[in-house]
Amino acid sequence: MIRISSTDRVFILTGAGISAESGVPTFRGAGGLWRNHRVEEVASPHAWQRDPRLVWEFYSMRRRVAAAAKPNSGHEALARLEQSLQDRLFLCTQNVDDLHERAGSVRVVHMHGELFKSRCDRCDRAPFDDSATYEPARSDGCTPRPVPRCRCGGQIRPHVCWFGEIPYDLDKIAAGLNDCTVFIAIGTSGLVEPAASFVARVRGRARTIYVGPDEPANTFAFTDCYWGKAGELLPNAFRFD
Ligand code: APR
């Protein structure tokens, strides 16, 4: 049971594990490979330079999977937590899907970007909503869509943070980490920086809690661990003092 007092400020970091029960595969679990590519091979500036079509095929697949998925009871529990805590909750996700929002969370910080947005790889045009898929010809006769172009001539890319790029909203996140008295990581392997180090930054002055079925790489930094699936644990995890 995670006790939350009337003065606590809670920082939550979610990872792929919270969407696993919605049918969105994690990156490093079983089935985490896409056509034998590790995610690092299709989610990097280098991959984009080498083969933008392949990158769009990967993100088109992810758009289809995420669009078909529904929020689970873990996402819903965090949306209810926001209703109780309002701005005393900082919800930071590494996920690019929109399942937190579809469960009702309002203030979600997507540090790795958003799957249903795109942007130009050349000009500074703002990221825009885009749920289209850009894939080569398929046997079902769907019209193939080429890599889309911006009016400036640049190529349109997914609005996601790739390996080797700097995550979004790091200033806002640093402020949230500074303020928090309770830090909870949910469903993340603790392998990808900078998110993996957030717990070490607050440790010693905030309670640090992990929720998930497997030990993350940074377990040592957590004071309490709740082993199990987010969708099963989170609905009854919070107690308000
Ligand atoms: N509930 C909670 N956690 C779960 C569940 C579940 N039902 N199922 C799996 N998990 C946990 C796994 O135990 C694992 O620790 O989710 C974690 C998923 O780990 P990763 O696949 O490494 O995902 P994540 O930590 O979010 O990856 C971080 O890496 O590839 C990049 O940008 C990508 O945001 C991603 C980042």
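The values are calculated or read from the model by the stated rules, or taken from the named source; none is laboratory data. Model, not experiment: these values are computed from the prediction. Reconstructed Cβ throughout: ideal geometry from the backbone, glycine too, with neighbour counts over all protein chains shown. Surface areas here come from the heavy atoms of the whole protein model, side chains and all, with no ligands, DNA or RNA. Shrake-Rupley method; radii C 1.70, N 1.55, O 1.52, S 1.80 Å.
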Completion exercise
For the pair Arg107 and Arg64, the simple spin-label estimate (label points 7 Å beyond Cα toward Cβ) gives in nm 3.8 nm
Fill in the blank from the handout: Expressed as a percent, the accessible surface of the chain that is carbon or sulfur, using a 1.4 Å probe and the full set of protein chains, is 50 percent
Fill in the blank from the handout: The answer for the chain, accessible area per residue at 1.4 Å probe in Å², is 49 Å²
Fill in the blank from the handout: In vacuo Debye sum over C-alpha of the chain, base-10 log of normalised intensity I(q)/I(0) at q = 0.15, 0.17 Å⁻¹, listed in q order, is -1.04, -1.28
Completion exercise
In nm, the gap between the two label points placed 7 Å beyond Cα toward Cβ at Thr219 and Cys152 is 4.7 nm
Problem - Residue-span extension gain [Asp124 to Gln83] - 0.36 nm each, minus C-alpha spacing - result: 11.3 nm
Exercise for the section: Sort out for me the Cα centre separation of the range 16-51 from the range 65-86, rounded to whole Å. Expected result: 22 Å
Fill in the blank from the handout: Bridge orientation stat for the chain from DSSP, antiparallel percent rounded to 5, came to 25 percent
Fill in the blank from the handout: Between Asp51 and Arg205, Cβ-based FRET efficiency (R0 35 Å, step 0.05) works out to 0.15
